[in-house]
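Report on one structure; see the data block that follows.
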Amino acid sequence: MGKLNIAFFDAKEYDRQSFIRSNEGGNGPDNAEFDIRYYEARLSSDTYKLAEGCDAVCVFVNDDINSFVIDKLSEMGVKLIALRCAGYNNVDIEYAYGKIHVVRVPAYSPYAVAEHAMALLLTSIRRIHKAYIRTKDFNFSLNGLTGFDLHGKTVGVIGTGKIGRIFIDICRGFGMQVIAYDKFPAKDSGIEYVTLDELWERSDVISLHCPLTDENRHMINSESMEKMKKGVVIINTSRGALIDTEALVEGIKLRKIGAACLDVYEEESDVFFHDYSNHIVNDDVLARLISMPNVIVTSHQAFLTNEALSNIADTTLQNIRDFFSTGLCANEVCYKCANISKCNQKHEQKCF
Ligand code: NAD
């Protein structure tokens, strides 16, 4: 059998570097294990043809793998959708079931994301983003830069999985009191779980670390914000649509929300990962957010560390290797089980 062909969508320079390193294993291009075609385009209903002749596609958070794309990939003989990320809300996994297998990278560096969440929080409340610009301009005034201590404040963490737990440890290191909400609370974790309403009411800082599902879309909305403390800081490094962004803008304008730290944004697929510095951005909600002094936006970069990129490349290629050599992959996702170890299908180890 020749080399497996992989169509790699939404490829950025940092992706290529880490995947080339992992694929070649230091043995040079001629000895690469897979034939990877890197495309800058995202996978969508308009670009799926780029995967013609490929065994697998490799995709990221903003590729749009809808039912039409799944049908087309399947007709073209593509056997595997290899997500090089943990979240899979951009894949219609229910529709993919029985047609094409989906694998993901469940963890690559939870530290990267948790540390970025704390970096955003500190930057925001200690006004580092403002101070940096001031001192660059030899403006050494302190007016308007007053922050507040994290020590003694209450942080409400939503989602106590890999990233949420590390963020909790970091917050405890700062002397914060931690409360949490999780749909599936971890037993014997020593974490104080509360209801969502209690979390809204008690938290000085709220940080989102849960996946986006139909159930929790817009979980932060005008109603939940109404219950929050005045001046609360909201951090979102999970998925943009967990927050109703227009309601957030209103909450900030009303001074109810003290600051927002956003690494993700519900309409991010139109803008994130691209340079629009010479363009007039059409997204008025994003423009309004960015104009606010107490909002920090980073463009879905929380994962972006050397360690994470290297783990992403290694795990993605291992997933592809496992799937094509054994037909099985421990990191397969399907809508019935979300993880092969919990698959409720009759099959021993395969989702279908
Ligand atoms: P994880 O699966 O380890 O943990 C998720 C936790 O959320 C679990 O404890 C789960 O029980 C809980 N949960 C599920 N549904 C919930 C709900 N409706 N309400 C509350 N809690 C719920 O995942 P993780 O590795 O910690 O990642 C968390 C999220 O971070 C991912 O889903 C992804 O969206 C996001 N993420 C972002 C980046 C980034 O670069 N910004 C990188 C990686 C992951």
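The values are calculated or read from the model by the stated rules, or taken from the named source; none is laboratory data. Remember, predicted model here, so these are calculated numbers, not experimental data. Because the Cβ atoms are built from the backbone with ideal geometry, glycine has one as well, and the counts that use them run over all protein chains shown.
Some points to look at:
- Between GLY152, GLY159, the distinction of being of a type in the set (Gly, Ala, Ser), within 15 Å of ALA302 (Cβ to Cβ) and either in the same structural domain as ASN331 (by TED's automatic domain parsing) or in contact with a strand residue (DSSP E or B) (Cβ under 8 Å, 6 or more places away or on another chain) (or both) belongs to GLY159 only.
- Hits in the stretch 45-65 (condition: on the phi < 0 side of the Ramachandran plot and either in contact with a Pro (Cβ under 6 Å, 6 or more places away or on another chain) or surrounded by fewer than 17 Cβ atoms within 10 Å (Cβ to Cβ) (or both)): SER45, ASP46, LYS49, LEU50, GLU52
- Contacts under 9 angstrom Cβ, first residue in the stretch 219-245 being in contact (Cβ under 8 Å) with a residue 12 or more places away in the chain and part of a loop (DSSP other than H, G, I, E, B), partner more than 11 Å from the ligand (Cβ to nearest atom) and acidic (Asp, Glu), 6 or more apart: MET219/ASP244; ASN221/ASP244; MET228/GLU201; LYS229/GLU201; LYS229/ASP204; GLY231/ASP204; ARG239/GLU266; ASP244/GLU266
- Members of the stretch 7-41 that are out of contact with any strand residue (DSSP E or B) (no Cβ under 8 Å at 6 or more places or on another chain) and closer than 15 Å to ALA82 by Cβ: SER18, SER22, GLU33
- Strands (runs of 3 or more DSSP E) (entirely within the stretch 53-124) containing at least 1 residues that are more than 16 Å from the ligand (Cβ to nearest atom) and of a type in the set (Val, Ile, Thr): 56-59, 80-83
- Residue list for the stretch 125-135, restricted to those being on the phi < 0 side of the Ramachandran plot and part of a loop (DSSP other than H, G, I, E, B): ARG126
- So GLY240, is it within 12 Å of the ligand (Cβ to nearest atom), farther than 30 Å from SER22 by Cα and among the small types (Gly, Ala, Ser): yes
- Scope the stretch 246-263; condition crowded, with 24+ Cβ neighbours inside 10 Å and part of a loop (DSSP other than H, G, I, E, B); matching residues: ASP263
- Residue within the stretch 24-34 that is surrounded by 14 or more Cβ atoms within 10 Å (Cβ to Cβ) and under 26 Å from the mean Cα position of the chain (by Cα) present: no
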